[in-house]
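Data first, discussion second: the structure below is written as structure tokens.
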Amino acid sequence: MNVGKPIAFRTRGLTKTYGEGRSTVHALRGVDLDIPQGEIVVLLGPSGSGKSTLLNIVGGLDSATQGTAHFLDQCLTEMSSSALTRYRRQHVGFVFQFYNLMPSLTARENVELVTEIASDPMDPDDALALVGLRERTDHFPAQMSGGEQQRVAIARAVAKQPDVLFCDEPTGALDSATGRTVLSVLRDVNEKLGSTVLVVTHNANTAAMADRVIHFADGNIREVIENNSKLDPAAIEW
């Protein structure tokens, strides 16, 4: 770990189970983890390994069964549902595999859905320019490719200038060339806004662009690797 960096997320003994008795599913098994601020962190592992469960807990979307999770000096695992809502609104942006855009709204209007409730938002046109869609602001989702729709979703997430951007399989529905474009956008968000970016993926090659790679298996962290020779997303093999 880079000693000089403040810690954005710290988990200790983080556990998540579903069900009871013989049907109990152990999604997380006592995870201890520190994630420094300002990094691009890739969480790798097969389906069911626990990576998305961790993302959902530190993103304030799910609760832990045991253990603690902190964001800076805030204990997420002790927050009420209303406090978690404020945390998500003030600090967090989400990008998912499926874009969840409103089909009846233009790209600008989709981004405005977030800027209207954010405390210190970017101008929607600036957010779209950040993801390379300055010329597409008045287009509807049906008029855009899958990669362009995903970039609108990223613009919507970053328009509130979040401290953290959570991305769950953001390139899962995209071809290789479009996927690299989306990863380049995430790199730009990290560099230009200083947001900590957490990317959940099963695509091991994505790790090449990360500052830190966390390997999950069976609800545990198997390995954490610091990457001292990051690749430009455009050079990533698919």
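The values are calculated or read from the model by the stated rules, or taken from the named source; none is laboratory data. Since the structure is predicted, the reported quantities are computational estimates derived from the model, not experimental observations. As a convention, Cβ positions derive from the backbone with ideal geometry for all residues, glycine included, and neighbour counts pool all protein chains shown.
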Sole exception among (1) modelled with pLDDT under 95; (2) under 19 Å from Thr171 (Cβ atoms) for Asp73, by number: (2)
Answer residue from the stretch 173-199, given it is within 23 Å of Phe9 (Cβ to Cβ) and of a type outside the set (A, V, I, L, M) and is surrounded by the most Cβ atoms within 10 Å (Cβ to Cβ) among those: Ser195
Residue in the stretch 122-141 that is among the polar types (S, T, N, Q) and surrounded by fewer than 17 Cβ atoms within 10 Å (Cβ to Cβ) present: no
Scope the stretch 201-238; condition surrounded by fewer than 18 Cβ atoms within 10 Å (Cβ to Cβ), under 30 Å from Thr24 (Cα atoms) and aliphatic (A, V, I, L, M); matching residues: Ala204, Ala217, Val224
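Please specify each residue of the stretch 1-28 satisfying the condition of being surrounded by 16 or more Cβ atoms within 10 Å (Cβ to Cβ) and either β-branched (Val, Ile, Thr) or under 20 Å from Asp218 (Cβ atoms) (or both).
Of the residues in the stretch 1-28, the ones surrounded by 16 or more Cβ atoms within 10 Å (Cβ to Cβ) are 8-11, 14-16, 26-28.
Once the filter is applied, which keeps residues that are surrounded by 16 or more Cβ atoms within 10 Å (Cβ to Cβ) and either β-branched (Val, Ile, Thr) or under 20 Å from Asp218 (Cβ atoms) (or both), the stretch 1-28 yields Thr11, Leu14, Thr15, Lys16, His26, Ala27, Leu28.
Name the one entry in Leu61, Leu55, Leu84, Leu33 that is over 22 Å from Leu186 (Cα atoms), surrounded by fewer than 22 Cβ atoms within 10 Å (Cβ to Cβ) and touching a strand residue (DSSP E or B) at 6+ places or on another chain (Cβ under 9 Å). Write out each step before concluding.
Working: Leu61 fails: over 22 Å from Leu186 (Cα atoms); Leu55 fails: over 22 Å from Leu186 (Cα atoms); Leu84 fails: touching a strand residue (DSSP E or B) at 6+ places or on another chain (Cβ under 9 Å).
Unique residue meeting the criteria: Leu33.
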The stretch 117-157: number of residues that are at pLDDT 95 or above, within 16 Å of Ser184 (Cβ to Cβ) and of a type in the set (Ser, Thr, Tyr): 0
